[in-house]
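First up is the structure itself, then whatever we jot down about it.
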Amino acid sequence: MTRSAIRPKWVLMLLAIALVAAACGDDDAETTTTAAAAGTTTVTTAGDDGDTATTAAPATTAAAAEPMVLVAAQGSEPDTLDPHLTSAYASFQVLENVYDTLVQPGDDLSMEPALAESWTISADNLTWTFVLRQGVKFHNGREFVADDVVFSFERIIAEGLNGWRFGSVESVTAVDDYTVDVTLTVPSPNLLVSVAGFKGMAIVAKETVEDGTIATNPVGTGPFRFVSQSPDGGIVLEANSDFWRAGEGLPILDGIRFVQIPDAGTKLTALRTGEVDWIDAVPPQDVDGLSSEAGITVGRVPGGDYHYFALNQNRPPFNDVRVRRAIATAINRTEIAEAAQFGAATANQTAIPASNGSWHLDYAPYQSADIAGAQALLDDAGVADLSIDFLVTSDFPETVTQAQVIAAQLAPLGITVNIVDVDFGTWLDMEGNGEFDAFMLSWIGNIDPDDFYYAQHHTGEWANFQGYSNPDVDALLDAARVETDSAARKALYDQAAAMIVDDASYIYLYNPDNINAWSDAVGGYATRGDNAIRFVGTFLQP
Amino acid sequence: MTVAPSTPMERLPEKPVSRSREIWQTLIANRLAVAGLVVLALLVLMAVLAEVIAPFGINDIDIPNRLTGPSMSHWFGTDDLGRDVLSRVIIASRVSLQVGFIAVGFALAFGVPIGLVAGYYRGKTDSILMRLMDILFSFPAILLAIAILAVLGPGIRNAMVAIGLVYTPIFARITRGSVIVVSEEVYIRAARSLGARDGRIIFRHILPNVLAPIIVQTTLSLAFAILSEAALSFLGLGVQPPNPAWGRMLAEGRNFFQQAPWMGIFPGVAILVTVMSFNFVGDGLRDALDPKQKSVIESRGQSV
């Protein structure tokens, strides 16, 4: 589910804007102090499942009995355990439990304190000051201080895959051991999401980077400590007794073992037989059957990922908006979603799902499967006998399925769809070189509208492979990026989104659900809207 | 022990049966080979008439009727997009046979001349050509095909080229070996001493005498070429969707094996039947063409 390689995988936060909104709203008052709230927030929100968990599963009983180790099956092997240099979802499943970020998306996906207890914004919106939690220890015993934040952020900017997220950051400085200033070139209302939205922005221990062990022996501040990785034993983590939420009884598990089972069917069988306690995904066609099975719980929440395809606007006739609109009109999104996801998805003509209440725009200008309307548009454009080289990849099999459905849906228009199915590495090369009439994939882990639109639709941006260029959209996206009033910002994005949909820069298809499954013995775990895999409050019942 | 005088098995020394007739008779005496021939004939017929026979189009998507089991309207059931598996298996037979025949044809067209030249001229020519073949031969066949497709890009045409290239050295080797043996025969020396040109010797005198192993190898290679095509399709390197190929259908069926086993079973059976038929025919041909085997077959025929 990862965009991988040049596509940083970030964990999405559907509703996260709440905090940004709060921060922005308050800035009339010159400075925002979330500090007061933060103290309690830490305990209440972050401790939510922790509180219930601690009472429900007394850690003492577990300690007395044999170690409580959760076996979690993931679909692929982490490529590296260096959080700044990986884009693999498998890596983040592990690292989510090893590392911390300055702040983090909470259960409702709004940003809550983590390593930073509070933060303030200067009157000119150009300096964010983070007050760090004291007494936090890395897994190697060293205390976490402001220099670690500076080091981590500077490393991400210099060599990390997510350096672009610091585009508006001028400098990061340690004021003292427990205070960090982030200075910006332009106001960035979505800074928290940018610099702490997922574990790709993790705070790492400097010494592990310097001695080169970070990729194989990650040292963080999170609830679990990395122990070992081996082909037979998988990845072994053990509870971090010095965790900064140890006072709340967290983590509850004594350890986690991640095993890798690439075949989805085998993985499911392993869960059924009790060989593993938790699996990271369920094939869509198995969700219904599995939900009614005794002993297994399926966690399913609407996700913020979106599936789309784009036509190459550097090539005629796809540079003609009428041709793109014709295709957007002729397809049937509901059928595509049903075909690929067996109902575990919601058709959408825009990027941001309805579950993202803050930024969702209810806008669906296209008829579904309107062949006559599409034909009229094509006739108007003077295009006939259209042939589309459609770039997909078997590494994300749903793209192959969807392309076949689209081929069938476009057939009545006399459009020939030549599906080009290549491995993902080749796919990325071909996409990058513009060798396609159309390509299809998904974007995952978005929360802020800037993530959804800027890199993909702003003229000349790195992810704008389809060659879209609309000066009005550029102006709106640029303005929205620095607009600190959330209502005004939303208005700007709504306008831009409508134009992007009208111009069919991307042809949006649907938002899939996030799905995990686990045995009934597992408690204190919930599938999250941002797909982050957090076992901090998880326990096993005998 | 005793043979009825009227059986065709009876052979009179003074009236020898022609060689081709003899081969044919040995071949059809082999029941498995006959069965293979019949199945292959039906397969070819099916491939030629595929569009007429197939009850549905290959990409007739019908989501509400997805993953339904075999029934009167869909004999082989439907796949995850509600497409008729029978129709797709039928249309895919064309791909398999086409790739098989063209790829092996390619291998023949290059391998046999290389083997002829190398075996006849020997010396440096032989060394250079055969070392080139050895290089190709040193890679596992399917791995080399994947590597070639990685360079050329996926697709049915490139798959044919890749498979053809992989099988070329086999034909070159087999041809060369036979040519070396035949070249020493007295009649070749006689032809040479009569002043026959190389071309004439190679094509008139050597080629006909090395055909037997080539024919056997061709039949067996067809089976392996079809298997290779299925393997490449399984990996997504062959025919591109929505066009069906047995290997690709197997790969798709794998994900639905619990809900819809027919998605994988029928294409799998199709591969099995086709490859086995070619193998049976190939074995039969080898028995019929191989002089060393012939006596065994005959004695078997006598004792039945």
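For this structure, a couple of remarks:
- Overall, the accessible surface of the protein assembly as shown at a probe of 1.4 angstrom is composed of carbon and sulfur to the extent of 59 percent.
- Of A:V287, A:A347, A:S230, farthest towards positive along the dipole that unit charges on Lys, Arg, Asp, Glu beta carbons give segment A:228-355: A:A347
- Sparse packing (at most 12 other Cβ atoms within 10 Å of the Cβ) combined with a DSSP loop state is found for none of the chymotrypsin sites (Phe, Trp or Tyr not before Pro) in segment B:159-216.
- Tensor-based shape of the protein assembly as shown (alpha-carbon gyration tensor, a/c under 1.5 rounded, otherwise prolate or oblate): prolate
- Relative contact order for segment A:306-512: 34 percent, from Cα pairs under 8 Å spaced at least 6 residues apart, divided by residue count.
- Inter-part distance where segment A:350-414 and segment B:22-73 are each reduced to a Cα centre, Å: 36 Å
- Accessible area in square angstrom per residue, chain A, 1.4 angstrom probe: 34 Å²
- Residues of segment B:42-64 that bury at least 30 Å² of accessible area once all protein chains are present, compared with their chain alone (1.4 Å probe, heavy atoms only, ligands and nucleic acids left out), are B:N59, B:I61, B:I63.
- Loop-resident sites, segment B:47-132, for chymotrypsin sites (Phe, Trp or Tyr not before Pro), counting at most 15 other Cβ within 10 Å (DSSP): B:W75
- The charge dipole of chain A, taken about its Cα centre with unit charges on the Cβ atoms of Lys, Arg (+1), Asp and Glu (-1) only, comes to about 500 debye.
- Protection proxy ranking of A:487-499, B:137-149 - average other beta-carbon atoms within 10 Å, highest first: A:487-499, B:137-149
- Just checking the listed ones, B:Q258, B:Q217, B:Q240: in the Gaussian network model of chain B with Cα springs under 10 Å, the one fluctuating most is B:Q258.
- Cα centroid separation - segment B:203-269 against segment A:144-187, whole Å: 57 Å
- If the convex hull is drawn through the Cα atoms of segment A:306-512, its volume per residue in Å³: 107 Å³
- Contact with the other protein chains removes 10 Å² or more of accessible area, compared with the isolated chain and a 1.4 Å probe, from these residues of segment B:145-173: B:P154.
- Spin-label model distance (nm) - A:A498 vs B:I180, 7 Å beyond Cα toward Cβ: 8.1 nm
- Residues losing 30 Å² or more accessible surface upon assembly, segment B:208-244, compared with the chain by itself, 1.4 Å: B:Q240, B:P241, B:P242
- Relative to the Cα centre, the charge distribution of segment A:306-512, modelled as +1 at Lys and Arg Cβ and -1 at Asp and Glu Cβ, gives a dipole magnitude of about 340 debye.
- Cα gyration tensor shape of chain B, rounded if a/c is under 1.5, else prolate or oblate by comparing a/b with b/c: oblate
- Taking only the Cα atoms of segment A:395-542, the ratio Rg/Rh comes out at 1.06, with Rh defined as the Kirkwood radius.
- Over all other residues within a Cβ to Cβ distance under 14 Å of A:G212, the charged ones net out to -3, with Lys and Arg as +1 and Asp and Glu as -1.
- Taken over the protein assembly as shown, lysine pairs spaced eight or more positions apart, or on distinct chains, with alpha carbons under 20 Å apart number 4.
- The value of relative contact order for chain B, using C-alpha pairs under 8 Å at least six residues apart, is 25 percent.
- Computed on chain A, with alpha-carbon pairs under 8 angstrom and 6+ residues apart, the relative contact order is 22 percent.
- Pairwise burial B:A, computed as accessible area of each alone minus the pair, summed, 1.4 Å, Å²: 1500 Å²
- Rounded to the nearest 20 debye, dipole of chain B from Cβ charges on Lys, Arg, Asp, Glu: 1020 debye
- Using the Cβ-Cβ distance between A:N433 and B:W24 with R0 = 60 Å, the FRET efficiency computed as 1/(1 + (r/R0)^6) comes to roughly 0.60.
- Segment B:95-209: C-alpha gyration tensor shape, a/c 1.5 cut-off, then a/b vs b/c: prolate
- Among the chymotrypsin sites (Phe, Trp or Tyr not before Pro) in segment A:380-486, those placed in a DSSP loop whose Cβ has at most 15 other Cβ atoms within 10 Å are A:W462.
- Computed lengthening from A:A487 to A:T266, 0.36 nm per intervening residue step minus Cα-Cα distance: 74.7 nm
- Among A:G432, A:A496, A:Y453 the positive-end extreme of the charge dipole of segment A:306-512 (Cβ point charges): A:A496
The values are calculated or read from the model by the stated rules, or taken from the named source; none is laboratory data. Here the structure is a predicted model, which means the values were calculated and not measured. Ideal geometry is used to build each Cβ from the backbone, glycine not excepted, and the neighbour counts take in all protein chains shown. Accessible surface is based on the protein model in full, side chains and every heavy atom, while ligands, DNA and RNA are left aside. Shrake-Rupley method; radii C 1.70, N 1.55, O 1.52, S 1.80 Å.
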